[in-house]
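Report on the structure given below.
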Amino acid sequence: MKNVESINELWQKAVEFHGHACPGLAYGVRAGALALEKLAYGRAADEELIAIVETDSCSIDGIQVVTGCTLGKGNLIFKDHGKSAFTFALRNNGKAVRIVMDAGNACRPDDYLREKVMTGRASPEEKQLFQEMKEKRIRHILEAPEDEVCTVQWVDVKLPEKAQIFKSIPCELCGEFFMEPRGRIKDGKIVCLSCFREYTRGW
Ligand SMILES: [Zn+2]
Ligand SMILES: [Zn+2]
């Protein structure tokens, strides 16, 4: 196990990567940090640690920064379920933990305040109150005892195959190169997915 960075160091890195500080990002940072702690593992250099994420919200950037499971490396798998639930698994011993963040968290700003701030109708006082509530909420997500922010379950998961590197071939219509298994045949020509779709369904 590598050196464990403090939650604040991880948070700073995540904010830098994500571009802003928000509660969603905090969920991802906390989930990622908890996962590494539970699995007694450091940040993934390669594909030995896998994350299966059930949402594509801000939280995913926190997970990528903290755990090293990234879309580019192929060890971040996205399931479009709209849930703040993240499963982390290790290839070497098959251990897997699913962390479900409690999205109905305490100290959440009232919807009316959020609505006003988002539509630019909030007074300076309301904006400040909103900002304070947001910061309080982020601190809570990052620092509160584990059982106040999430539930943790040990699970069995069927691990996906390791990411493969495929041959790139040119599309016979647009000329752009694409990964061979994504090819389609249209009027006897080997074409990319965008040309196939444009051709058949108009998008
Ligand atoms: Zn965000
Ligand atoms: Zn094409």
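The values are calculated or read from the model by the stated rules, or taken from the named source; none is laboratory data. If you're wondering where the values come from, they're calculated on a predicted model, not measured in any experiment. Neighbour counts are summed over all protein chains in view; Cβ atoms, including those assigned to glycine, are modelled from backbone coordinates with ideal geometry.
Among the candidates GLU161, GLU148, GLU115, which residue alone is of a type in the set (Asp, Glu) and either part of a loop (DSSP other than H, G, I, E, B) or within 16 Å of ligand 2 (Cβ to nearest atom) (or both)?
On the way: GLU148 fails: either part of a loop (DSSP other than H, G, I, E, B) or within 16 Å of ligand 2 (Cβ to nearest atom) (or both); GLU115 fails: either part of a loop (DSSP other than H, G, I, E, B) or within 16 Å of ligand 2 (Cβ to nearest atom) (or both).
So the residue among GLU161, GLU148, GLU115 that is of a type in the set (Asp, Glu) and either part of a loop (DSSP other than H, G, I, E, B) or within 16 Å of ligand 2 (Cβ to nearest atom) (or both) is GLU161.
Kindly evaluate ALA14 against the criterion of being within 16 Å of ligand 1 (Cβ to nearest atom) and not in a helix (DSSP H, G or I). First the steps, then the outcome.
Values: within 16 Å of ligand 1 (Cβ to nearest atom): yes; not in a helix (DSSP H, G or I): no.
The answer is no for ALA14.
Identify all residues within region 17-59 that are more than 20 Å from LYS73 (Cα to Cα) and within 17 Å of the chain's Cα centre (by Cα); write none if there are none.
Residues satisfying the conditions are GLY19, HIS20, ALA21, CYS22, PRO23, GLY24, LEU25, ALA26, TYR27, ARG30, LEU34.
When you go through (1) in a loop (DSSP other than H, G, I, E, B); (2) within 16 Å of ligand 1 (Cβ to nearest atom) one by one for MET133, which number turns out not to apply?
In the conditions (1) in a loop (DSSP other than H, G, I, E, B); (2) within 16 Å of ligand 1 (Cβ to nearest atom), MET133 misses (1) alone.
Condition check: in contact with a strand residue (DSSP E or B) (Cβ under 9 Å, 6 or more places away or on another chain) and farther than 23 Å from GLU148 by Cα. Does ILE63 satisfy that? Walk me through it before giving the result.
On the way: in contact with a strand residue (DSSP E or B) (Cβ under 9 Å, 6 or more places away or on another chain): yes; farther than 23 Å from GLU148 by Cα: no.
It is false that ILE63 is in contact with a strand residue (DSSP E or B) (Cβ under 9 Å, 6 or more places away or on another chain) and farther than 23 Å from GLU148 by Cα.
Sort out which residues of region 28-46 are surrounded by 17 or more Cβ atoms within 10 Å (Cβ to Cβ) and either in contact (Cβ under 8 Å) with a residue 60 or more places away in the chain or under 20 Å from PRO145 (Cα atoms) (or both), and write them in order of number.
Selection gives GLY28, VAL29, ARG30, ALA31, GLY32, ALA33, LEU34, ALA35, LEU36, LEU39.
Against the definition (within 16 Å of ligand 1 (Cβ to nearest atom), more than 30 Å from LEU76 (Cα to Cα) and not acidic (Asp, Glu)), how does ARG121 come out, yes or no? I'd like the intermediate steps shown before the answer.
On the way: within 16 Å of ligand 1 (Cβ to nearest atom): no; more than 30 Å from LEU76 (Cα to Cα): yes; not acidic (Asp, Glu): yes.
Answer is no for this residue.
Where the second residue is at pLDDT 90 or above and in a loop (DSSP other than H, G, I, E, B) and the first is over 13 Å from ILE63 (Cβ atoms) and lies in region 1-25, which pairs have Cβ atoms under 6 Å and are six or more apart or on separate chains?
VAL15/ALA21; CYS22/CYS58
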